[in-house]
Amino acid sequence: MNTWRNASLAVTAVAVLALTTACGQDQGTNTNGQSVGAAKPADAGYGSGSGYGSDSGYGSDTGAAGAAAAKPAGQLAVWDSKKLGKVLTDSQGFTLYRFDKDTASPPKSNCEGDCVKAWPVVAAGDAKAAAGTDPTLLGEITRTDGTKQLTVAGWPMYRYAKDTSPGDANGQGVGGTWFASAPDGKKAAVAGAGSDADATPADLPGLSVRKDPKLGDIVVDSKGMTVYRFTKDSAWPMKSACVGACLEKWPVVAPVEKNDTEGIIKKGFVTFDRPDGIKQQSIDCWPIYTFAGDTKPGDTNGQGVGGTWFAVSPDSKLVGAPK
């Protein structure tokens with residue numbers, strides 16, 4: 001009897017240990033979590049009036065009835081826009097876009113669910129390179145629903161639901177994350193003006209480290225934008241207190257492949273499945289965000305906002321927070 005009781009206790013102890021250490025494991029697996037509290041007003045340190053857009057950059061407020069079937073691109077063409085430079089279009093003249101939260105190496109789309117209602121994917125199908133462009137830049141990815149999506153230089157291609165006529169480019173700059181695609185897959189820009197891509201340090205990993213002159217070593221995303229933590233969040237159990245309007249000003253960092261990082265701690269590098277359906281990256285089990293008020297790489301305008309938001313160090317500590 002004692003032997004059975006001891007064995008039972010041992011099994012229970014192992015189960016409890018596994019439960020309490022799951023987030024800290026260096027596995028990069030999904031972790032379910034829950035948000036606590038309702039959306040807070042702007043004066044609580046969230047600041048919702050950012051102009052970032054109620055859709056957090058996805059444009060899901062377009063009123064689209066649902067995700068339409070992906071339409072082929074056909075014969076691609078190049079539109080020479082005075083405002084945007086050379087823009088890649090489909091065979092009907094509709095602007096093709098790329099999403100900053102996607103990755104080109106490896107090619108991967110992070111636009112799912114409501115996102116594809118506003119940003120219909122471009123099917124790979126019969127796509128042919130535009131005249132004078134490099135056909136080897138065309139490729140495809142297989143989405144979770146089995147759809148083959150066109151890629152250009154590894155970047156998945158989309159249309160925008162609010163573009164109703166050939167030559168429209170209403171999706172340009174939406175949420176600070178959507179941009180018309182140039183023929184080489186970079187962000188379209190007028191020659192000599194410097195593209196958005198050129199304004200970002202080249203070939204940054206999904207997450208890496210930048211030495212800020214005031215804050216020291218801080219984590220940045222693939223666009224060189226500062227990454228932040230919220231002091232009202234918790235790591236275990238993993239919870240985000242940033243919900244509703246808060247997310248308009250503090251967009252979550254989308255999931256990043258563990259091998260697409262450089263210089264940051266890998267412990268607790270897991271995907272946080274938020275109750276609102278958004279997937280969020282965490283470092284050392286802490287949910288991480290960017291700030292809509294940062295408009296270019298190197299900005300740290302979110303530092304210390306409300307006394308609750310702080311840049312993240314490579315080991316996931318709060319930079320400059322009161323002790």
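The values are calculated or read from the model by the stated rules, or taken from the named source; none is laboratory data. Predicted, not measured: the structure shown is a model, and the values here were computed from it. So basically every Cβ, Gly included, is an ideal-geometry build from the backbone, and we count neighbours across all protein chains shown. The accessibility values were calculated without ligands, DNA or RNA, using every heavy atom of the protein model including side chains. Shrake-Rupley method; radii C 1.70, N 1.55, O 1.52, S 1.80 Å.
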Quiz item: What do you reckon, how do Asp145, Asp184 stack up by accessible area (1.4 Å probe), largest on top?
Solution: Asp145, Asp184
Exercise. Pairs to check: Lys232/Lys267; Lys214/Lys249; Lys186/Lys323; Lys148/Lys211; Lys82/Lys223. Give those whose C-alpha atoms are more than 32 Å from each other in this structure.
Key: Lys186/Lys323; Lys148/Lys211
Quiz item: Counting pairs of alpha carbon atoms under 8 Å apart in space and at least six apart in sequence, what relative contact order in percent does the stretch 219-323 give?
Solution: 35 percent
Quiz prompt | Counted charge near Lys108, where neighbours are those whose Cβ lies closer than 15 Å (Asp, Glu -1; Lys, Arg +1) | solution = -2
Self-check item: Interchain or long-range residues, amide H under 5 Å from Ile283's placed H
Solution: Ile288
Quiz item: If amide H atoms are built 1.01 Å from N in the plane of the peptide, which residues on other chains or at least 5 residues away come under 5 Å of the amide H of Lys108?
Solution: Thr103
Self-check item: Charge tally in the Cβ shell below 11 Å around Gly277, where Lys, Arg are +1 and Asp, Glu are -1, Gly277 excluded
Solution: -2
Exercise. Can you pull a Stokes-Einstein diffusion coefficient for the stretch 160-319 at 25 °C (0.890 mPa s), Rh from Kirkwood over Cα pairs, as a whole number of µm²/s?
Key: 147 µm²/s
Practice problem: Between beta-carbons, use under 14 Å as the cut-off and find the net charge around Gly74, counting Lys and Arg +1, Asp and Glu -1. | Solution: +1
Exercise. Please give the contour-minus-distance gain from Ala321 to Lys211: 0.36 nm per residue of separation, less the Cα-Cα distance, rounded to one decimal in nm.
Key: 37.9 nm
